[in-house]
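J.: Structure below; questions to follow.
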Amino acid sequence: MDFEKLKMFCKVVEAGSFQKAAESEFVSQRAVSQMMKKLENELGLKLFDREKNKIFVTPVGRDFYIYVRNMLQKFSVNVNALRYESTTKQRLICGFFSPFDGALLREKLHDFLDEKVQLSIVHESIDHLLNDIANGLVDLATVLDYGDPGLVITEPDLASADVYENEMIMGVSDLNPLSKLEEFPLTEIGNLPVLYYMPEENSHYLRQAFLSTLPEECQASCAHISNNRRRCWCP
């Protein structure tokens, strides 16, 4: 098994088809299909359900995708770290949890960087970020912390500091009569699906953090939206 198969597998999952993945890499659809079949044979796992002109990622395939994506990202971080160490520049590897964290991270670091510092930014789950920081693979990271109980850091060598504070904003469709009210009634949350985005499907931090901010009498149904399903409508 080689990295090219694993990289192509991730591209297929993210593109949603062999054809689109093939076009992005300027190869034939047949070549991509054969590569994925060889990968399945090597693993002894069924990664895709194939129908006429369509493919669907199996549950096992989805779990394998998360594992491979994280592995490739960690490999890239480690290789970059070795490259930086071989240069005269200082290296600064920073991680972020959500797109909002990423934007804040770049904004906060902008004034502190100069041509002597080589910056690398990685996107990972909170659990992975904390592990990477503890192991020295990442220098710092920004994450969302909703408090109560929020993010709990147990590593004695790690510390946290607030860099930005604001209110959570939720959206509701203009077609919903509740959107005409001056203030959204929290008791109505239980009657509506709450959709949220996270880069990793096997992490429940964002869901648990949001639910912890609601009053006890409020019960919300939260659904995760993955990379391939971020375009959605709320009732």
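Values in this text are rule-based calculations from the coordinates and carry no lab data. All figures in this text were calculated on a predicted structure; none of them were measured in a lab. FYI the Cβ positions are ideal-geometry reconstructions off the backbone, even for glycines, and counts take in every protein chain you see.
J.: How large is the Rg to Rh ratio of the range 1-132 when both quantities use alpha carbon positions and Rh follows Kirkwood?
T.: Rg/Rh: 1.06.
J.: While we're on this one: First measure r as the distance between the Cβ atoms of Met71 and Leu109, then evaluate 1/(1 + (r/R0)^6) with R0 = 25 Å and state the FRET efficiency to the nearest 0.05.
T.: Calculated transfer efficiency: 0.40.
J.: Of all DSSP beta bridges in the range 1-140, what percent run antiparallel (nearest 5)?
T.: Percent antiparallel among DSSP bridges in the range 1-140 is about 35.
J.: Further question on the same structure: Please list, in chain and number order, the residues 5+ apart from Ile225 or on another chain whose amide H is under 5 Å from its amide H, with Hs placed from the backbone.
T.: For Ile225, whose amide H was placed from the backbone, the distant partners under 5 Å are Tyr196, Tyr197, Met198.
J.: Still on this structure, please answer the following. With each pseudo-label sitting 7 Å past Cα toward Cβ, what's the Val172-Glu217 distance in nm, one decimal?
T.: Spacing of the two 7 Å Cα→Cβ label points: 1.7 nm.
J.: Please give, to one decimal in nm, the separation of the simple spin-label points placed at Glu42 and Glu188, each 7 Å out from Cα toward the Cβ.
T.: Between Glu42 and Glu188, the label points sit 5.3 nm apart.
J.: Assuming 1.306 mPa s and 10 °C, estimate D for the range 88-141 with Stokes-Einstein, Rh taken as the Kirkwood radius over Cα pairs, in µm²/s.
T.: For the chosen part, D equals 139 µm²/s.
J.: What are the ³J(HN,Hα) couplings of the range 213-223, residue after residue, when phi is run through the Karplus curve with 6.51, -1.76, 1.60 and θ = phi - 60°? Round to Hz, x for glycine and proline.
T.: Calculated HN-Hα couplings, in order: 8, 8, x, 4, 6, 9, 10, 10, 9, 9, 10 Hz.
J.: Find how much the distance from Leu82 to Asp49 grows on full extension, using 0.36 nm per residue of separation minus their present alpha carbon separation; answer in nm with one decimal.
T.: 8.0 nm
J.: Under a 5 Å amide H to amide H cut-off, with H placed in plane at 1.01 Å, what residues pair with Val122 once short-range neighbours are removed?
T.: When sequence neighbours closer than 5 places are left aside, the close amide H contacts are Cys94, Gly95, Phe96.
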